[in-house]
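Student: Encoded as C-alpha cells, here's the structure I'll be asking about.
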Amino acid sequence: MDIQEIVQRVVDEVKRNMNSPKNDIDQNKEETIYFPQERIKGVDKPHNAASIERAQSITPARIGIGRTGTRMLTTSYLQFLIDHAAAQDAVLRDVSDDFLQNMGLHKLETRASDMKSYLMDLDAGRKLSDEAINYLEKNGEKGKDVQIIVCDGLSSSAVEANVVDLLPALIQGLKLKNISVAKSFFIKRSRVWVQDEVASIVNCNLVISLIGERPGLNTDESLSAYMIYRPTEKTVEADRTVISNIHKDGLTSVEAGAYLSDLIEQMLLAKCTGVSFAQQRNNNM
C-alpha cells in the first residue's frame, strides 16, 4: 500500500462519518491531509517532560508519542503507516528515466531481470548483464583514477533525493585535486559488489558506488558510498570503505561530496581502502 492509498482511505473514512449536510464533500474533489513535521509530544501531563524531550533529541525513534487507552494516537498511527508505505515505495519503485536523463546518467542493468530475482538472488545484482558488459567495453572511459557508479540498491528515493547535489560536488572536488574521473553511469537493480566487475572492465584505480540504503521508518532517503581500491577476485568486505547515512538529516549531500573527495585523495595516495586504509591512517596520526 502506497502513501496515496493510505491518505485516500483516511479521506473516505472522514466522508462516511460526516453526517452534517454543510460538511458534504464533493466526491470528485481531492482533499489533502497534512501531518505535523515536528516530533509528536503525545504524553499527557508527563511526570518528567525534560527526560522525554532529551530522549527525543538524541534519537529519531518513536519515543514519547503517547497513547489512547492501549493504542497509539491516531496521528502517530497514520504517520507510522505513511512512513512504512514510503519505505516500501523506496524499494519497489524505479529511479525515473527523466531523473537519469537530467543527470546525464546512462542506464545499465544487472542480471536481476526483475525485483523478485533482485531480492531473492544476491548474485544476480552483483553481476552486470551481457548488454551492460558490452556497453562498458565499448564506451566506458578506461584507465581513470576514479569511476563513480550510481546504484538504486534498496532505495530509489535515496538516489533521487541526494545524487542531484552529491554527484556534482564529488566530481568537482576530485577534479580540483587533479584526480581523473571517468564518466558516471547508473546501474539498475545493483548491489555493492557489482563495482568489482565494473573496475575490472574500465581498469580504474578506485571505484565508488553511491547506493540507496535499506529504508527504515525514520527515512527512506539514506544513501551510502562504498569505495574499493583495485578490487580482485580475492577482495572481501573488509577491503571496502563505506560512508553511510547521507541524507538531509545526516551527512548532507553537498558535505558528503566534499568529504568523499578528500577521502578518495587519501586512498589513492595510500593505494588501499577498508581496514588497511584505516590502519594506515591511524598510524600516520
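The values are calculated or read from the model by the stated rules, or taken from the named source; none is laboratory data. What you see is a predicted model, and the numbers here were worked out from it, not measured in a lab. Here Cβ is always computed from backbone atoms with ideal geometry, including for glycine, and neighbour counts include all displayed protein chains. Accessible surface is based on the protein model in full, side chains and every heavy atom, while ligands, DNA and RNA are left aside. Shrake-Rupley method; radii C 1.70, N 1.55, O 1.52, S 1.80 Å.
Student: I'd like to check something: does segment 67-77 contain any residue that is open to solvent by less than 70 Å² (accessible area, probe 1.4 Å), at pLDDT 60 or above, out of contact with any helix residue (DSSP H, G or I) (no Cβ under 6 Å at 6 or more places or on another chain) and part of a helix (DSSP H, G or I)?
Tutor: There is at least one residue in segment 67-77 that is open to solvent by less than 70 Å² (accessible area, probe 1.4 Å), at pLDDT 60 or above, out of contact with any helix residue (DSSP H, G or I) (no Cβ under 6 Å at 6 or more places or on another chain) and part of a helix (DSSP H, G or I).
Student: Residue 142 versus (1) in a helix (DSSP H, G or I); (2) modelled with pLDDT of 90 or more: which is the lone unmet condition?
Tutor: (1)
Student: Same structure again: Residue by residue through segment 164-176, note down the ones that are surrounded by fewer than 23 Cβ atoms within 10 Å (Cβ to Cβ) and more than 16 Å from residue 266 (Cβ to Cβ).
Tutor: 164, 165, 167, 168, 169, 171, 172, 175
Student: Can I ask one more? Looking at segment 141-163 only, could you name the residues that are surrounded by fewer than 22 Cβ atoms within 10 Å (Cβ to Cβ) and closer than 26 Å to residue 268 by Cβ?
Tutor: Within segment 141-163, 141, 142, 143, 144, 145 meet the criteria.
Student: Among the residues of segment 221-229, are any touching a Lys or Arg at 6+ places or on another chain (Cβ under 9 Å), modelled with pLDDT of 95 or more and not in a strand (DSSP E or B)?
Tutor: Scanning segment 221-229, I find no residue that is touching a Lys or Arg at 6+ places or on another chain (Cβ under 9 Å), modelled with pLDDT of 95 or more and not in a strand (DSSP E or B), so the answer is no.
Student: To continue, here is another question. For segment 215-271, give me each residue that is touching a strand residue (DSSP E or B) at 6+ places or on another chain (Cβ under 8 Å) and of a type in the set (Val, Ile, Thr).
Tutor: Those that are touching a strand residue (DSSP E or B) at 6+ places or on another chain (Cβ under 8 Å) and of a type in the set (Val, Ile, Thr): 228, 235, 241, 242, 243, 246, 252, 264.
Student: Of these, 222, 261, which one is open to solvent by less than 50 Å² (accessible area, probe 1.4 Å) and either among the aromatic types (Phe, Trp, Tyr) or touching a Leu at 6+ places or on another chain (Cβ under 8 Å) (or both)?
Tutor: Selected residue: 261, the only one of 222, 261 that is open to solvent by less than 50 Å² (accessible area, probe 1.4 Å) and either among the aromatic types (Phe, Trp, Tyr) or touching a Leu at 6+ places or on another chain (Cβ under 8 Å) (or both).
Student: Which one of these is modelled with pLDDT under 95 and among the polar types (S, T, N, Q): 129, 157?
Tutor: The unique qualifying residue is 157.
For every residue, the table says whether it meets (1) charged (D, E, K, R); (2) more than 20 Å from residue 253 (Cα to Cα); (3) over 12 Å from the mean Cα position of the chain (by Cα).
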{"residue": "151", "(1), (2), (3)": "no, no, no"}
{"residue": "154", "(1), (2), (3)": "no, no, no"}
{"residue": "164", "(1), (2), (3)": "no, no, yes"}
{"residue": "167", "(1), (2), (3)": "no, no, yes"}
{"residue": "177", "(1), (2), (3)": "yes, no, yes"}
{"residue": "183", "(1), (2), (3)": "yes, no, yes"}
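Student: If you go through segment 188-217 one residue at a time, how many are outside any helix (DSSP H, G or I), under 21 Å from residue 256 (Cα atoms) and open to solvent by less than 30 Å² (accessible area, probe 1.4 Å)?
Tutor: Within segment 188-217, residues that are outside any helix (DSSP H, G or I), under 21 Å from residue 256 (Cα atoms) and open to solvent by less than 30 Å² (accessible area, probe 1.4 Å) number 9.
Student: Could you figure out which of (1) touching a strand residue (DSSP E or B) at 6+ places or on another chain (Cβ under 7 Å); (2) over 30 Å from residue 58 (Cβ atoms); (3) polar (S, T, N, Q) isn't true of residue 203?
Tutor: (1)
Student: Another question, if that's okay. Which residues, counting only those in segment 245-257, are in contact (Cβ under 8 Å) with a residue 12 or more places away in the chain and open to solvent by 50 Å² or more (accessible area, probe 1.4 Å)?
Tutor: Listed by number, the residues that qualify are 245, 248, 249, 254.
Student: In segment 112-120, is there at least one residue being over 16 Å from the mean Cα position of the chain (by Cα), modelled with pLDDT of 95 or more and surrounded by 15 or more Cβ atoms within 10 Å (Cβ to Cβ)?
Tutor: no
Student: Of all the residues that make up segment 230-244, how many are surrounded by 18 or more Cβ atoms within 10 Å (Cβ to Cβ) and not in a loop (DSSP other than H, G, I, E, B)?
Tutor: Residues flagged as surrounded by 18 or more Cβ atoms within 10 Å (Cβ to Cβ) and not in a loop (DSSP other than H, G, I, E, B) within segment 230-244 amount to 2.
Student: Additional query: So residue 179 passes all but one of these: (1) open to solvent by 10 Å² or more (accessible area, probe 1.4 Å); (2) among the hydrophobic types (A, V, I, L, M, F, W, C); (3) touching a Lys or Arg at 6+ places or on another chain (Cβ under 6 Å). Which condition number does it fail?
Tutor: Condition not satisfied by residue 179: (3).
Student: Could you list all residues from segment 42-59 that are open to solvent by 80 Å² or more (accessible area, probe 1.4 Å) and either closer than 21 Å to residue 222 by Cα or modelled with pLDDT of 75 or more (or both)?
Tutor: 45, 47, 48, 53, 54, 57, 58
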